[in-house]
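Each remark here refers to the structure printed beneath this line.
The values are calculated or read from the model by the stated rules, or taken from the named source; none is laboratory data. This is a predicted model, so every value here is computed, not measured. Here the Cβ is made from the backbone with ideal geometry for all residues, glycine too, and neighbour counts use every protein chain on show.
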């Protein structure tokens, strides 16, 4: 099983739609979780951290399910500008806790 | 300017040549990383550094050399470039908080083509 797995998509959704991405991780002792956004040919940028209690930032909601070892990202009222690749990132605990492990990303296209 | 910068942004080199990609950060972050990104593979860790003069291999280190004589700089050298090293290279930095690394901040990337 790969350390971090994401559905590569693409997800093609109309403007205004709600879309959700999941990401599963294999290391049950992982401590930190993030969602990054990457626009075509540019560097990844932090979208939001994922906390155990779940967190929301405007139209974006991130949740963590430790029992099932997955994190999710929900985007409400999709905008054209949300079109990008969304990367799930996990940091393990213990040895190797310096390393950010990236999923391969889920591509989102928001269509007019 | 504050942040993390990479140079050059674009580079074309010939097979067999040595090429160095530069990375500089102004936050004094302890940790620095080099990733390469290729279609179908996502971001793969080449090398990382936990502090000045401390470096270690990541997932795909073969053909690369790094150094970290100063906290703010983390150059990546391709000793003898091969076509398979054509890729986009990202440098990143992060800090440590209560024993766990925080989120990483990325440079703008270097697009390297080996012909």
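Summary of computed values
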quantity: Residues within the range B:25-67 that are within 12 Å of another protein chain (Cβ to nearest Cβ) and in contact with a helix residue (DSSP H, G or I) (Cβ under 9 Å, 6 or more places away or on another chain), tallied; calculated: 1
quantity: Of all residues in the range B:85-107 being in contact with a strand residue (DSSP E or B) (Cβ under 6 Å, 6 or more places away or on another chain) and outside any strand (DSSP E or B), the one that is farthest from the other protein chains (Cβ to nearest Cβ); calculated: B:85
quantity: Residue check for residue B:73: in contact with a strand residue (DSSP E or B) (Cβ under 6 Å, 6 or more places away or on another chain) and surrounded by fewer than 22 Cβ atoms within 10 Å (Cβ to Cβ); calculated: yes
quantity: Positions within the range A:1-12 being part of a loop (DSSP other than H, G, I, E, B) and surrounded by 15 or more Cβ atoms within 10 Å (Cβ to Cβ), in sequence order; calculated: A:3, A:7, A:9
quantity: Enumeration of residues in the range A:22-32 that are surrounded by 22 or more Cβ atoms within 10 Å (Cβ to Cβ) and closer than 13 Å to residue A:86 by Cβ; calculated: A:23
quantity: Flag for residue A:97 being in contact with a strand residue (DSSP E or B) (Cβ under 7 Å, 6 or more places away or on another chain), modelled with pLDDT under 95 and closer than 20 Å to residue B:105 by Cβ; calculated: yes
quantity: Any hit, the range A:24-38, residues being farther than 24 Å from residue B:94 by Cα and at pLDDT below 95; calculated: no
quantity: Some residue of the range A:13-21 being in a loop (DSSP other than H, G, I, E, B) and at pLDDT below 90; calculated: no
quantity: Flag if residue B:71 is more than 22 Å from residue A:37 (Cα to Cα), in contact with a helix residue (DSSP H, G or I) (Cβ under 8 Å, 6 or more places away or on another chain) and more than 14 Å from chain A (Cβ to nearest Cβ); calculated: no
quantity: Elements of type strands (runs of 3 or more DSSP E) contained in the range B:1-84, each with 3 or more residues being farther than 26 Å from residue A:40 by Cα and free of Cβ contacts under 8 Å to residues at least 24 places away in the same chain; calculated: B:54-57
quantity: Test: residue in the range B:5-22 that is at pLDDT below 95, within 27 Å of residue A:86 (Cα to Cα), within 11 Å of chain A (Cβ to nearest Cβ) and crowded, with 16+ Cβ neighbours inside 10 Å; calculated: no
quantity: Criterion (under 29 Å from residue B:109 (Cα atoms) and loosely packed, with under 12 Cβ neighbours inside 10 Å) met by exactly one of A:41, A:59; calculated: A:41
quantity: Which numbered condition residue A:82 fails, given (1) more than 11 Å from the chain's Cα centre (by Cα); (2) buried (at least 18 other Cβ atoms within 10 Å of the Cβ); (3) at positive phi; calculated: (3)
